[in-house]
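Okay, so here's the structure we're looking at.
Every read-out reported here was derived from the displayed coordinates using simple, explicitly stated rules and does not represent laboratory data. All values reported here derive from a predicted model rather than from experimental measurement. Every residue, glycine as well, gets a Cβ built from its backbone with ideal geometry; the counts of neighbours run over all protein chains shown.
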Amino acid sequence: MNTFDAPTARTPKARRSRRAGALALSFAVAITGLVAMPVAANAAETTVSDAVFRWGLNNETNGGSYFGGCNFLMAGVAGDAGGSKVWGASNGLDAFYKTEVGNVTVEKPNTAGEFAQPTFATKCQGPDGVTVNGKVTNAANSYTKSVVNIDNGTGTVDPAANTATINWDGSFSVVYYGGMTYWTANNPKLVVEADGTGTVTATLSGYGADMDDPEVWTTLPNREVTLASLTNVQVTPDGFTITPDFLGVEADTAGRNPQATRSADNESWWGSFPNDFNEYQNLTGQSSYWYTTDGGANSIQPRKATLPLTVSYTQDAAATAPAAPAKPTAVAKSNGGITTTWVAPADGGSAITGYTVTATPAVGAAKVATVAAGTLSYDFPVLLADQSYTVTVTATNAIGSSAASAASASVVPNPSPSPAVTVTPNTNLNPAVDQTVTLSGTGFTGPAAANGTYVVLTASDNWQPGTVPMAPNDKWIGTQTWVNSSEIKNGAFSKTLTIAANSINADKTYGYGTFAAHGLAYTDRRLDTFTPLQVAVPAQAPAAPAAPTASAAGPTGVKVDWTAPAENGGSAITGYTVTLTAADQSVLTKLVAAGTNTATFDDLSLGQTYTATVVATNAAGNSPASAASNSVTVPATAPAAPAKPTVTAAGPTSLNVAWAAPANNGAAITGYTVTVAQGGSTVTSVPVEAANTTVTVDGLSVATEYSVTVTATNAAGTSAASAAASASTLATAPATLAAPTVTAASGTSLNVAWVAPANNGGSAITGYTVTVSNGSTVAASVNTAASATSTIVGGLTRGTSYTVTITATNAAGTSEVSAATPAQTLNVPAAVTATAALTGTNGVTVTWATPATDGGSAITGYTVRLSTGGNVVDTATVAAGTLSATFSSLTPGASYTATVESANAVGSSTPSSATNAVVVPAVAPAAPAAPIATGTDQNAVSVGWKAPSTTGGSPVTGYVIELTDSDNNVTTKTVNASTVLVTFEKLAAGTYSATVSATNAVGSSPVSAASNEVYLPGVAPTSAPALLAEDDFTKQSEGIEITVSADRSSASVDAGVENANSWVGVSVHSEATFVGWALTDGNGIATVALPKLPAGTHHVAVYGADGSVLGYTTFVVAVADNGGTAPGTGGTGNAGVGTGTTTTSGAGLAVTGAETSLATLAALLLLVAGAGALVRARTRREAADGTAL
C-alpha cells in the first residue's frame, strides 16, 4: 500500500477557529435543516486556503460491533497488522491509533458536550461516557458520534455560480471490528457543479479481509473512488452542510450479502453509498456494511445511512496590481554597467510574477530589463560612455503592473580614461642583443580598464589606433602581454618586458601599443596608445683573415700562425677560431683571444695529415673562414700494448682467449701473438691474423691453471705484451657408483645406502640423486648432500615392487646411472575368511583363521563389525592371538552378519566377505506405556495408547484393553494392531482407569501401568425434582452461592467442590418454573439461561440430582424484559444458552441486523480466545431484602 505524506498543519488556534465555524454550521443545519444563504449579487470565483472538511460518514462507522468492541475513525494511514486482528496493547497494535496527523484530527463529544480528541482507551465511549462495545442496535447510545476534520483545504468557490473545487491534503482511516478490517481515504477532493450536484472523491488504500476466512489478508492497490455523491448543494460565502446521497440509492454491487428489498418498514433508512465505493469494500471485507441489508428498525441497519457533511471556509480577498516599489539603489560597476537593487512591494493579494527595470540616460535610448519574481537586483551591462543614468522599477502580478518607482539617484557608470605609456630605457637600443625594458602606464582607469590592458610590440605602420586591432600573426613581434586589472593601481602599472635580439632594426619605427583587454578589445578604443622605440644602427662582422701557415710541433703536434684581417667591420676584433682538419675529415678547434696570432694542437693522431683555417670575431659577428693552410703529417709508431685479455675454459684440455684491438699508432696492425705459460714457463705461443681478436688454445692439461698474454704488430714494430690473465681447464663428471643397498622401511618408504665413487673427476662431489622406479615410470627421486651415504625414499605405494639406482654430481656434471637394485615396500595383511553362529538365546559368535600373509609386518590385531539391515550395530577389537569375538544382548527377530579386518603396522586389510546370516529368535512385545483415558460423554470413556517401544522381533497382532471401575469391576476389549483408540459406552456413574497389553506371534506383553482416572457423572435425571413453594423462600438460604447476570438472562451456580461434575436442577419463581438440569464443572460451577421475566421479585432455586434442595436466592427485575439481543439459540428473540456443561445446545449469536457470517466468525473467535465475559451481580447469602439488582 502506498504511503501518503502528512502535510504541515496550521496552528491549533487557527484550526480550532475554522472547526468552530464548521461545527456551528453543522449544528445550524442539524437543528433547522438546510437553509439557503443569501449570496452577494457581485460575487465571483475566489480562492480559499483554509477550508475545513468535517464528516462522521455514518453511525455504523462509530458504532458498537459484533466483535472487537467497536468500529472507529482514526487520523492518518493505518499500518499493516499482518492479519485480521483486534488492536490492543497486548499485540502492540494500539500504536497504530492516532487522532491527529498533519491536517487531520478525529474528535467526538464528551460528557460535557464538547468535541475533543479521544484516546485509544476512550475511542469506544459514547457521549455519556459509557462504552458502545457490543451494542449492535440503532439505539442512541450504541455509537460514539465521532467525526473526522481535515483543515487547510485549498481551491476556488463561486457562490454566485454555485460552484466549488477544494482539495484537502491528509488521510484518515476507517476501522471495523476493533481492527480486524480497515481502509484509508487519502487526499479528499470536493467538486460542486452549478446545478447543485457534487462529489467527494479520494484515493483509497488498505487491506483485504474475508468474513468466512480469518486467514485472508492482502495489501490492496490504491484506487480513486467516490466517497459521497451530493445533491442540492448550495455554495455560500462561508460554506455549506449537506447530507450525502444514501436514501433510495440502489446498490449495484456483488457484495457478500444482497441489498434488502425496499419496503415501507425500511424506507426511512434504505439506500447505499456510491457503487464504486462499495466495489472497493468488497475487497476490504466490509462489503455490505455500506448499504441496507436485512434487519429491523432496532438493528444496525438504520446506522448505515450517511451523516451530514460540513464544508466551511473563508474566501480570500480580491487581488489588485502590486504597489509601486520604493526608490531603488543604483551603483556604478567596474565594467561600465550599473547594479540596481530594490525591495519587494506589497503584492496586492496576488503573487508577484516579475519586475521591469529601466535605466534611462541623460541623452539617448533607455535600457529595459525583465526580472523573474523573487529576484530583487539586476546588473545592467556596459552602458554609454560619459553618460549620467537613473533607474526605475515596476512590479507585475496576475492582475497587472504597478506604477513605476521613484527614480534612483543619478550615476555615471562609464567615464573615459586618459592613458599614457613611457618606455625605459629608450635610447640607442641595440637590436642585435636581448633588450630588457620597463613600461610605465598612467591613466588606465574606468570601465575601459576593467579587464586590464593588452601590450604589443609592432612596427608603426602596423598600428592603427582607434580601430579594432588586427590579428597578431606576423604583424606583432612576439605575443601580446596582458596587464590584468589587479596589476593596475589607481590607473598606473609597471611591466618589465624583453625585446628579443634581431626582432627590431633601425630600418623602421617600432614601438609598444596598448588597447583594452578581452571582449573590450573589440568594442572600446579608449585605451589605445603607441610609444615609439629609438633603435641604434648595428656594426658589421670582420673580413676573412689571410691563409694561415702550418708546421710540425714535436712528434705529435702542429703549430698554426696567421695575421689579423685587413677590416674589422667597424667593431674591434674580440677573438679568433682556429680549425684543424685531418685527412679523415675529423676536426679540432681552438678559441684564441684578440692580439694572439698563433695556436698549437698537441697529441694528434699518428700517421694523420692536417690543414688549418682561421675565423675572426667582433661584436657584430664572425668573419668568413680563411683559405686553408699548407698540410702537415704526424709520423706513425708501433701499436700500443693490448689490454689484459679475457680467458675462459673451453674444455678439459683447451682455453678460449679474447682481447680488444689496441691503438695502431698510425700504421695498420698486421697480426697478434698469444702466449700461454704455466709456472713461469711458456707452454705454447699461437700467432693470430690481424682480422681476429679471439683464439682457442688446445693441447693443455685437464683441470690445470695457466696465464695468458697478447702482443700486437704493425709496420713500425711489435707492441709490449699485455697484462697476464689466468684461467683453468675444465674438470670431468664423477665415476659410476656401485649398485645401492635397499631395504623396506614401511608400506610407503625404502632405506637406500651406497659407497662414494673411486674417482670424483677432478672436482669435489656436490651431491647424489637416488631414483626409485616402477617399471619404466619414476615413482620417486631424492637429492642428498655430498656427505650423505644413505637416505629414506617416501611417497611410495604399499606392497609394490621397485628398482633403485643412484648417480653422483660435481661441478663438471653427473655420473652415469648405477646398476639397479630391486626392492619391495611393506603391505597390509591379506583378508581372512569368517563364519558366525548363534550363542545362547540372543548372542552371535564370529570365528576366523590367521590371514594367508601378514604383508611383511607382524599381525597386531583384528576388528570385527556386526551388521543388521545393512547397518553396522556393534564393533569389537581383539588382540593378534585371538581368532573369535562374541556379541550378546542382540535384538530378537533380527538377522545379523559380520565382517573381520586384520591389521599390522602398515594398516588394516580389506574386510572379509560377510559371514553367514544368524537370526536371533523373537520374544513377546514390551509392555505399552500407560494409556490416556478421557470422558467423552456422561457415560462413555475413550482410551488411547501408543505402540510398545519394541515388538520383540515379531509384529504386534493386537491389543487387550481392560477398563476397571472404582468397585474393581473389569470390562475388556480386544482390538487389532492398527487400532490405538477404543471407547467404552453406556457406563454407570463412577471413576474409571484402564490398562493395555500388546500381543504378537510369540505371546503377550506385560500389562501397562494404569491410565489416569476419569469420573463419569452419568446421564441427566429424566424428570424435574419437587419444586419449592413460595412459602419456602421466607427463611435464610444456606450452603451454595447463586449469581444472576445483570441483564437477568442467566444464573451461575457455585455448588462447591463436593458437587463437582454432578447434575444440578434449577427452577425460577414467582410462578414456579423448572428451567432444566446442568452439569457442574470440576469446581462445582454451572451456568443456566433464565426465561423472560416480568417486573417484580423472583427466586432461583437449585436442586441435587436426588431432588434435594441445595440453595436459593432472590432478585428483582426492575423493568419488564421486552426483548433485545441477548445470546440465543441461533434465532431472533431471547432464548439463551448456559455456559460450561449444560443440557442446552445450538449456541449462537442473535442475527437481528447483523451480517450472519461475521457474527459466526466472532463467536468462534470468542470461543478460541476464551472471551465472553459476563457482568455479574453477586447476592449475599442472607435473606433477600427485595433490593433491585
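Within a Cβ distance under 12 Å of Val614, other residues only, what is the Lys/Arg minus Asp/Glu net charge? Combined, the nearby Lys, Arg, Asp and Glu give 0. Dividing the mean sequence gap of close Cα pairs (under 8 Å, 6+ apart) by how many residues region 834-919 holds gives a relative contact order of 36 percent.
Descending by average beta-carbon neighbour count within 10 Å, the peptides 672-679, 425-432, 289-296 line up as 289-296, 672-679, 425-432, the highest first.
Within 12 Å, Cβ to Cβ, of Ala988, how many net charges do the neighbouring residues add up to if Lys/Arg are +1 and Asp/Glu are -1? Within the 12 Å Cβ shell, the charges total -2.
The value obtained for region 826-866, namely the Cα convex hull volume divided by the number of residues, is 71 Å³ per residue.
Can you give me the angle between helix 275-284 and the longest principal axis of the chain, using Cα atoms only, in degrees from 0 to 90, rounded to the nearest 10? It works out to around 90 degrees. Here the Debye sum runs over all C-alpha atoms of region 646-728 as equal scatterers in vacuum, and log10 of I(q)/I(0) at q = 0.12, 0.25 Å⁻¹ comes out as -0.34, -1.20. Every pair of different Cα atoms in region 741-824 enters the Kirkwood calculation, which places the hydrodynamic radius at 13.1 Å.
Here the translational diffusion coefficient of region 297-372 follows from Stokes-Einstein with Rh set to the Kirkwood radius across Cα pairs; for 25 °C and 0.890 mPa s it amounts to 137 µm²/s.
Dimensions of region 549-633 based on its C-alpha atoms, expressed as ranges along the principal axes with the largest first, amount to 43, 21, 17 Å. Taking the alpha-carbon centroid of each part, what is the distance from region 480-496 to region 442-463 in angstrom? Cα centres, region 480-496 to region 442-463: 10 Å. Between region 41-107 and region 943-991, the C-alpha centres lie 62 angstrom from each other. Globularity index of the chain is 1.95 (Cα radius of gyration / 2.2 N^0.38 Å, N = number of residues). Measuring max minus min along each principal axis, the C-alpha atoms of region 651-798 give extents of 83, 29, 21 Å (largest first).
Along region 333-344 the Karplus relation, 6.51 cos²θ - 1.76 cosθ + 1.60 evaluated at θ = phi - 60°, assigns HN-Hα couplings of 9, 5, 8, x, x, 10, 9, 10, 10, 8, 10, 4 Hz to successive residues, with x for each Gly and Pro. Cβ-to-Cβ counts within 10 Å put Asp967, Asp1054 in ascending order as Asp967, Asp1054, the fewest first. Computed with the Debye formula from one identical point scatterer per Cα of region 997-1086, without solvent, the log10 of I(q)/I(0) at q = 0.14, 0.16, 0.25 Å⁻¹ comes to -0.64, -0.78, -1.40.
Peptide packing for 149-155, 404-410 was compared via the average number of neighbouring C-beta atoms within 10 Å per residue; ordered from the highest value, the list is 149-155, 404-410.
Principal semi-axes of the equivalent ellipsoid, √(5λ) from the alpha carbon gyration tensor of region 729-873, are 51, 12, 11 Å from largest down. Cross-link pairs exceeding 24 Å in C-alpha to C-alpha distance, out of Lys98/Lys189; Lys304/Lys1092; Lys123/Lys189; Lys333/Lys475; Lys333/Lys495, comprise Lys304/Lys1092; Lys123/Lys189; Lys333/Lys475; Lys333/Lys495. Within region 465-537, the trypsin sites (Lys or Arg not before Pro) that combine a DSSP coil assignment with at most 15 other C-beta atoms in a 10 angstrom radius are Lys475, Lys508.
Judged by the mean number of other Cβ atoms found within 10 Å, the most tightly packed of the peptides 930-936, 354-360 leads the ranking 354-360, 930-936.
Each listed q (0.20, 0.24 Å⁻¹) maps to a log10 I(q)/I(0) for region 329-397, found by the Debye formula over equal Cα scatterers with no solvent: -0.78, -1.01.
Expressed as a whole number of Å, what is the distance separating the alpha-carbon centroids of region 788-834 and region 678-713? Taking the Cα centre of each part, region 678-713 and region 788-834 sit 50 Å apart. Tell me the angle of helix 1156-1169 to the major Cα principal axis of the chain, expressed in degrees between 0 and 90 and rounded to the nearest ten. Its long axis makes an angle of about 80 degrees.
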